[in-house]
Amino acid sequence: MTVNARAKKTEAASGEAAPATVTLMPAATPPVRRKRRSRGWIWLPVLAVLAGAGSYAWRAYAPAETAAAVITQPVTRGDIENAVTAVGTLEAIKSVDAGAQVSGQLKAMRVAIGDIVTKGQILAEIDPATIENRMEINRAELANLEAQLESKTAQLALKQANIARQRSLVAGNAAARQALDQAVADLAAAKADVDATTAQIRKQQATLAGDEVDLGYTKIYAPMAGTVVANPVKEGQTLNAVQSAPTIVTIADLSTMTVRAEVSEADVGRLTPGMEAYFTLLGQPGKRFTGKLRQIEPSPTVENNVVLYNALFDVPNPEGALMMSMSAQVFFVQAAARDVLVVPAGAVATTRDGGKPKAQVTVVTASGVQEVRDVETGIRNRVSVEIRSGLAEGDKVVVSAGGKASSGSGRNSQRGMRMPPMF
């Protein structure tokens, strides 16, 4: 009821007229309603907090869901090996330097690098003119000595006849004893001259024989069958063999190659002669060349304070694909297995059970639940691990995870990390 209506009612009751100038108008918006509408915004932050808590509770209590994504790989069947790795260099199993034993000018070169030669094949020729001239002089000297020997032999015969005559004269008192003594002395001197000339002849003959040997050295022959791998001198070059024998060519047997691998002192104790070894080349990374460890040289080489031992093994090279000084990635196999179950090394965790090591693997089942299994491992290397029991081919194993995952119950995996319920 408005104020005007109340006034009219009062006027009728009292019989007096109310002043006509008094009029009251109602307000457009009641003050109370403005206060209630402005208080509604206060609940918005509360609603936001409640929504966040509900979302967290849903993620925390949702069954069979992981707290973070995991990376899995299936168990596969393949080959695995544990090997000592090293870097090696290829070299010929046998090589020899064919050098010059006499001085002179290299007259002819009969072979070139890469030629295959047989034992006894002529390789090069040195000009023999100097040696032939020396031989001619020595032959003339030998002839002179032989002529002297004939003369002195005749003198010896004369001295022998003279001593016989002097003995007859002395026996008949026809000559003095002094003449006989002189004849004896002359005979001894004649014998000495013959012996001296004979010795000079033998010496000259030896000199001439040496010249003939030197003449034979002017032709260089292959000391073994193989391939010419080096030729440090050129045709027409003058060679000086007085102090050392200059190398004409180097011949190597490339039918079998030797790998010289440098093994660190930390790994050399893991090697034993006879163990299987193989290597790969930079140009053929997928092809293996196999052999067996033949020898570990006892004397090491030291490079930048690193002690390295040379391990040698031989490989056949029938096609000639292997060449000298090639770089090789070498593997000495300690253990190997073929067609076995293999998992990544990062999937296997080692724990202690009563002091004994135990291997465990986390497996994701078909329903998406993770479970931990005990496994028996075999050969292990830096990349893979052999599984002998506990897994089957095709099982998905966890390699790495971004956070902890829920277990089979789904609600108990993160209980220790949850906040207390908010409502």
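Every number in this text was worked out from the coordinates using simple rules, so none of it is lab data. Quick caveat, the model's predicted, so the values are computed rather than measured. Counting neighbours? That spans all protein chains shown, and the Cβs are built from the backbone with ideal geometry, glycine included.
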Checklist outcome for this item: In whole angstrom, largest first, the equivalent ellipsoid semi-axes that the Cα gyration tensor gives for the stretch 99-227 are 58, 12, 8
Item to check | Shape metrics for the stretch 187-324, restricted to C-alpha atoms - Rg then Dmax, Å | outcome: 26.6, 91
Item to check | P(r) tail fraction, the stretch 89-142 - alpha-carbon pairs more than 12 Å apart, % | outcome: 77
Checklist entry - Ranking T350, T362, T290 by Cβ neighbours within 10 Å, fewest first, what do you get? => result T350, T290, T362
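Within 10 Å of each residue's Cβ, count the other Cβ atoms and sort S327, S244, S95 from fewest upward.
Going from least to most buried by this count: S244, S327, S95.
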Checklist entry - Under the definition of Cα pairs under 8 Å and six or more residues apart, what whole-number percent is the relative contact order of the stretch 255-299? => result 32
Checklist entry - Too long at a 23 Å Cα-Cα cut-off: which of K287/K396; K152/K203; K119/K292; K94/K292? => result K287/K396; K119/K292
Checklist entry - Among V398, V184, which comes first, then next, by fewest other beta-carbon atoms within 10 Å? => result V184, V398
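Report the local net charge at Q204: Lys and Arg +1, Asp and Glu -1, summed over other residues whose C-beta lies under 11 Å from its C-beta. Spell out each step's value before the answer.
On the way: positive: R139, R202, K203; negative: E141, E146, D211.
The answer is 0.
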Next on the checklist: Please list, ordered by chain and number, the residues whose modelled amide H lies under 5 Å from the amide H of I379; skip anything fewer than 5 residues away on the same chain.
Outcome noted: E386
